[in-house]
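I have placed the structure first, in the form of structure tokens, so that the comments after it can refer back to it.
Throughout, read-outs are computed from the coordinates displayed, never taken from laboratory work. Not measured: the values here are computed from a predicted model. Note that we place each Cβ from the backbone using ideal geometry, even for glycine, and neighbour counts take in every protein chain shown.
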Amino acid sequence: MSRRDDTYPPPSAKAVTARLEAPDGNRRLLTGLLCGAALVLLPPAMAASPIENCIDCHGTDGVAAEDDTPHLNGQPEHLLVGMMNAFREGRRPPKILMHREIRDANVEPIAAHYARQTAQRPRQTVNPELVERGELLHWRHCADCHMDSGRASEKEAPLTAGQNLDYLINQARAFKTGARALPAMTERIFRELKEDDLVAIAHFYAAQAQLAPKEGRRRRR
Ligand code: HEC
Ligand code: HEC
């Protein structure tokens, strides 16, 4: 997880050096060089893709490269805008330096890009007993906002179905300790739930197939 810290540099000449030191450095260097070549060959309008600084971790299609990184594919566009602004404005702790540096002009294009990717997410290994218990806890505590088993969004809640298990658990812990802020009502739910319960709900969401929800489409329950 060497890329996950505040020392990750903005992509520039320095980024190539950093990528060399990453575990799969050769592939990254090659990609970097090819992108570099493309920058020279392409007309300026096409040279800088708004997601170029994101794809190492979130992929071109929004499918995350690491277990602790969220998939962004199919997340409603206005929620992606809100998340990026929360990082930029320091309302959400930016563990990743890149999140603070998203340019104003790029917020909307990045959100539009990832929102329109099919929300197909890789299957994960989950604990069936925890999934079963997590489903009950979900119905009791979370389903008002994370509707349709996390496939639909209500009251500005992000989609959680098929999200990376480690990421879900990390966020639940961050909500419980207050490291990441939530609206007051929801904060109380997290404070009162035991950590084991939050882990069980995370297994339940991670077990769901994500099926490209479309805003306005009839919700399945
Ligand atoms: C070095 C890897 C890395 C890079 C580069 C990176 N991210 Fe992230 N991103 C992460 C991780 C890890 C998290 C989870 C952060 C946390 O745990 O608080 C995250 C979280 C997010 C979230 C929150 C998603 C959610 O469901 O709440 C958004 C939105 C996001 N990143 C967008 C971007 C964009 C846009 C870029 C490019 C400008 C980018 N990221 C670059 C690793 C990265
Ligand atoms: C009253 C509505 C509401 C309820 C109830 C609720 N949530 Fe949420 N949830 C939200 C909102 C809003 C956010 C986005 C918070 C933010 O980033 O500002 C969120 C974010 C999350 C995230 C982070 C997703 C991401 O992509 O970063 C997880 C995980 C989560 N909720 C799990 C749960 C669980 C588990 C429960 C039940 C114990 C629950 N939520 C109950 C509204 C709710």
Label model pair I189, L136: point-to-point distance (7 angstrom along the Cα→beta-carbon line) in nm is 1.8
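Among H78, H138, H99, rank each residue by its count of other Cβ atoms within 10 Å, from fewest to most, as a rough exposure measure.
Values: H78 13, H138 21, H99 17.
Ordered from fewest to most neighbouring Cβ atoms within 10 Å, H78, H138, H99 come out as H78, H99, H138.
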What is the fewest-to-most order of Y114, Y205, Y167 by other Cβ atoms lying within 10 Å of their Cβ?
Y167, Y114, Y205
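Run the numbers for A174 and E129: contour at 0.36 nm per residue of separation, minus the present Cα-Cα distance, in nm.
Numbers: separation 45, 0.36 × 45 = 16.20 nm, distance 2.39 nm.
Length gained, A174 through E129: 13.8 nm.
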For region 83-99 and region 126-205, compute the distance between their C-alpha centroids and round to whole Å.
21
